[in-house]
1. Kindly indicate the residue of the range 200-251 that is assigned to a loop (DSSP other than H, G, I, E, B) and in contact (Cβ under 8 Å) with a residue 40 or more places away in the chain and also nearest to Glu28 (Cα to Cα) among those meeting that condition.
2. Do you know which of the residues in the range 188-211 that are touching a helix residue (DSSP H, G or I) at 6+ places or on another chain (Cβ under 7 Å) and open to solvent by 10 Å² or more (accessible area, probe 1.4 Å) is farthest from Ile275 (Cα to Cα)?
3. If you scan the range 212-223, which residues turn out to be surrounded by 11 or more Cβ atoms within 10 Å (Cβ to Cβ) and either under 16 Å from Tyr178 (Cβ atoms) or within 33 Å of the chain's Cα centre (by Cα) (or both)?
4. Which condition does Gln261 not pass, out of (1) modelled with pLDDT of 95 or more; (2) farther than 20 Å from Lys207 by Cβ; (3) open to solvent by less than 40 Å² (accessible area, probe 1.4 Å), if it passes all the others?
5. Can you confirm whether the range 255-273 contains a residue that is charged (D, E, K, R) and free of Cβ contacts under 8 Å to residues at least 24 places away in the same chain?
6. Identify the residue in the range 293-308 that is within 18 Å of Lys255 (Cβ to Cβ) and open to solvent by 50 Å² or more (accessible area, probe 1.4 Å) and, among all such residues, is farthest from the chain's Cα centre (by Cα).
7. Mind counting the residues in the range 283-324 that are small (Gly, Ala, Ser) and either in a helix (DSSP H, G or I) or under 23 Å from Lys193 (Cα atoms) (or both)?
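The values are calculated or read from the model by the stated rules, or taken from the named source; none is laboratory data. Given the structure is predicted, the values throughout are model-derived calculations rather than measurements. Because the Cβ atoms are built from the backbone with ideal geometry, glycine has one as well, and the counts that use them run over all protein chains shown. These area figures cover heavy atoms from the full protein model, side chains too; ligands, DNA and RNA do not enter into them. Shrake-Rupley method; radii C 1.70, N 1.55, O 1.52, S 1.80 Å.
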Amino acid sequence: ASLSIFINSYDNKYTNKNMNKVANKIIEIRKKIEEALPQGRVIPRHSDKGHFYEVIDGQFVTPPIYSSVTTKLAQLKDESLMNYKMNCVIRYVFSNWQNFTEINIMEHIGKAESVPQQNLEDAGGIGTEIHNHREKIFKEWISTGIKPIDFVSYIPEVQRDVRAISAIRALEKFVNDYDYTPIACELFVYDHKMRVAGTLDDLGMMKYFIRKGNKDCEHEMICNEKTDKYTCLKCDMQYKYEFTLLDLKSSNQLKDHYFYQVSMYWDMFRKLVGITPERCLILQVSKEKGTYKIEDLKRPAKLAQYSKHMIKVDEGTQFIKKLRKDNQRNVAPLLKL
């Protein structure tokens, strides 16, 4: 039986003692999140200069406004992105070189240079749409306690982009494969010490397969109430439900800085709420095949330590820029003498 049927209906015919225990855990986690991070605690203050968050928790007379984790980790150079831009320009030249003339060559060079940015903006736009569809699906599921029957039906007709449909189908497949039940979605988190904030995609409860067993088996599962592990009596399948932090990515490649970013969300959440997610995952959904891949951060605490070093490097870089700016003000009058 699916875990989601137990959240709001303990008298369901499939109910068993262990499922009630997991359902109660979900309800308890939601309550602690609401207490630690009530609505209005963190307010987005995004601008054309970047993503920012105002934190109103009573610790400061004037509520601080922090940059996003993503902005702070921009110091990490992405070689794959630079190669991508170069390849886009090369592809444009090879596809259009026969049309080049002495008169229009500069026009074509300008078009070639603009292709990478146009592609990235298009990818960013569809990525935002995918996140918005996922948010709508999960938030309705959380508020009603009812798992949606068809995830794709939540995409408005005017936004029926094949890439979005593929990604949302992949998300639904993941949810079904791992009996995932959302606990919280689009949660704002922050860290006063590091002076950063951000938006955590998802928190949920999911099956963690210890052994996958025989896929053709008609599983007959029993639960060990001491370990909360389910074991099949017919094959060696074994799993348990774990509290999971989940970050959704729709990009074609998983970049290193994603791991730093997600580990910071994990670290900020556990400090603010007092609960440590048992697992920290990146879910990569395909915009073409309707499939997904999972990356397990495995050691998010260690990654968070490295992330903080990266944030400190950004802090140092901003300090240097200020020093140089102030230095130019002081030197300029001397040069006039």
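1. Pass one, the range 200-251, residues assigned to a loop (DSSP other than H, G, I, E, B): 212-220, 225-228, 233-237, 250-251.
Right, trim to in contact (Cβ under 8 Å) with a residue 40 or more places away in the chain and you get 225, 228, 250-251.
Values: Glu225: 19, Asp228: 17, Ser250: 31, Ser251: 34 Å.
In this case the residue turns out to be Asp228.
2. Met194
3. Listed by number, the residues that qualify are Lys212, Gly213, Asn214, His219, Met221, Cys223.
4. Condition not satisfied by Gln261: (1).
5. At the first step, the residues of the range 255-273 found to be charged (D, E, K, R) are 255-256, 267, 270-271.
Adding the requirement that they be free of Cβ contacts under 8 Å to residues at least 24 places away in the same chain leaves 270.
Yes, there is a match, as at least one residue in the range 255-273 is charged (D, E, K, R) and free of Cβ contacts under 8 Å to residues at least 24 places away in the same chain.
6. First, pick out the residues of the range 293-308 that are within 18 Å of Lys255 (Cβ to Cβ): 293-298, 300, 303-304, 306-307.
Remaining after also requiring open to solvent by 50 Å² or more (accessible area, probe 1.4 Å): 293-295, 298, 306.
Values: Lys293: 14, Ile294: 12, Glu295: 12, Lys298: 16, Tyr306: 18 Å.
My answer is Tyr306.
7. Our first condition is that a residue be small (Gly, Ala, Ser); within the range 283-324, this holds for 286, 290, 301, 304, 307, 316.
Checking the rest, the ones that are also either in a helix (DSSP H, G or I) or under 23 Å from Lys193 (Cα atoms) (or both) come to 301, 304, 307, 316.
Final tally of qualifying residues: 4.
Yes/no per residue for (1) in contact with a strand residue (DSSP E or B) (Cβ under 8 Å, 6 or more places away or on another chain); (2) touching a residue at least 40 places away in the same chain (Cβ under 8 Å); (3) part of a helix (DSSP H, G or I); (4) not acidic (Asp, Glu):
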| position | (1), (2), (3), (4) |
| --- | --- |
| Ile26 | yes, yes, yes, yes |
| Gln39 | no, no, no, yes |
| Tyr53 | yes, yes, no, yes |
| Thr62 | no, no, no, yes |
| Tyr66 | yes, yes, no, yes |
